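> Pasting a structure below so you can have a look.
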Amino acid sequence: MLTRAYQHSLNGSQLSAGRPVLEVDQVSLRFGGVKALDDVSFTVTSGHVHAVIGPNGAGKSSLLNCISGLYHPQQGQVVLHTADAPAPDGTPGQEHRHRLTRLSPHRIARLGVARSFQNIELFSHLTVLENLMLGRHIHMRHSVLASMLWFGPARRQEIAHRQLVEEVIDLLELQAHRGKPVGSLAYGIQKRVELGRALCLQPALLLLDEPMAGMNAEEKEDMARYVLDVHELAGVSVVLIEHDMNVVMDISHRVSVLDFGKLIADGTPEEVKADPAVIEAYLGAEDEDTDVREAVARQGEER
Ligand SMILES: Nc1ncnc2c1ncn2[C@@H]1O[C@H](COP(=O)(O)OP(=O)(O)OP(=O)(O)O)[C@@H](O)[C@H]1O
Ligand SMILES: [Mg+2]
């Protein structure tokens, strides 16, 4: 399926496809009186694009924060599965379970969980290439400073990292932008750079929080294609948060739906689309939007 030979695997997981890679088990998270997550359980399968959808405030980002260690749920646990490299005869390597729920974000990143944020978190004055190189820092034995000074082992390390970063640039078609400061780029391209930075970690699991938010239909379609490329060409397992149900239906293997912190559906895109609870949650949200639009229109008339 590869269109060109990649020297580096961007997929950091050694799990066989079809094995569970992430288990979210009865997770509850409260902020004062608000139940951001209420007894949420589902499993992400290795090799899948797993979408998490739901209306505003449903708990999607909170869920991602519980996986990546920024929030610690009061109840339940999140377990990441990893595996050792397969034996030369192809026998799958031994599997390991990691309880993420009490680990720091740094430890979780070292286990191979990479993420992008709902609001772009890049160094806007640095170039695309520099931002992506910083995405490699977790794998670097020599400091960024030593790499810059360009000495012996640090230099060899820099070259290997640079090759991997160039492959990410190639996969995400960022060649034309590589030397430009990120802050000077169009919003849609910045979102792609963020995807690239997460990918530079060679993730065992990639968490994307609304990578298509704020985009027009054409940009969304482009981004969906890059996410698919990441999955198909690089073989990375992805948890994809998105607001717009239609966007995820084409590219996901499985969809979990949150509403007011509760998991209201979990299944194939077809199953979820036909689920009355999901239709209700989304129609309800649309009604609200309509109310807001009508209120704004009325205000305009009154003025
Ligand atoms: N750090 C926090 N402190 C207090 N309340 C929070 C915090 N983070 C999230 N919440 C609350 O938890 C609920 C879920 O928020 P969350 O951001 O997870 O929703 P979301 O599904 O990502 O929404 P959106 O589609 O708008 O991004 C909301 O009621 C929100 O106000
Ligand atoms: Mg969110």
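No lab work stands behind these numbers, since they all come straight from the coordinates. Everything quoted here is computed from the prediction, not taken from an experiment. Virtual Cβ from ideal backbone geometry, glycine too; neighbours counted across all protein chains shown.
> Quick one: 3J(HN,Hα) in Hz for segment 177-189, Karplus 6.51/-1.76/1.60 with θ = phi - 60°, rounded, Gly and Pro as x.
Once rounded to whole Hz, the list reads 10, 4, x, 8, x, 4, x, 8, 8, 4, 3, x, 6.
> Given 0.36 nm per residue, what is the gain on full extension from D89 to R225 after removing their alpha carbon distance, in nm?
Details: separation 136, 0.36 × 136 = 48.96 nm, distance 3.47 nm.
Working it through step by step, the gained length comes to 45.5 nm.
> In terms of Cα to Cα distance under 22 Å, which lysines are near enough to K180, apart from those fewer than 8 places away along the same chain?
K191
> What are the radius of gyration and Dmax of segment 186-226, computed over its Cα atoms and given in Å?
Cα only, segment 186-226: 10.3, 30 Å (Rg, Dmax).
> To make sure I understand, if each residue's beta carbon is the centre and we count other beta carbons within 10 Å, what order do V79, V278 fall in, fewest to most?
Values: V79 16, V278 21.
Ascending number of Cβ neighbours within 10 Å: V79, V278.
> Cβ neighbours within 10 Å, averaged per peptide: list 108-115, 55-62, 205-212 in order, most packed at the top.
Values: 108-115: 21.2, 55-62: 19.6, 205-212: 25.0.
Most protected by this proxy first, the peptides run 205-212, 108-115, 55-62.
> When the chain is fully extended, how far beyond the present Cα-Cα distance does E270 get from Q26, taking 0.36 nm per residue of separation? All intermediate terms of the calculation are to be shown ahead of the outcome.
Values: separation 244, 0.36 × 244 = 87.84 nm, distance 2.48 nm.
This chain segment gains 85.4 nm when fully extended.
> How far apart, in nanometres, would the label points at Q75 and H125 be if each is projected 7 angstrom from Cα along the Cα-to-Cβ direction?
Placing both labels 7 Å along Cα→Cβ, they lie 4.8 nm apart.
> Can you run phi through the Karplus equation (6.51, -1.76, 1.60; θ = phi - 60°) for segment 44-54 and list ³J(HN,Hα) in whole Hz, with x for Gly and Pro?
For segment 44-54, the Karplus curve yields 9, 8, 4, x, 9, 9, 10, 8, 10, 10, x Hz.
> Here is a further query. Mean separation of Cα pairs under 8 Å and 6+ residues apart, divided by the residue count of segment 167-265: what relative contact order is that in percent? Walk me through the numbers before you get to the answer.
Details: 81 pairs, mean separation 23.3, N = 99.
Relative contact order for segment 167-265 comes out at 24 percent.
> Then there's this: Can you sort I251, I241 by how many other beta carbons sit within 10 Å, fewest first? Kindly include the intermediate steps, with their values, before the conclusion.
Values: I251 18, I241 26.
Sorted ascending by nearby Cβ count, the order is I251, I241.
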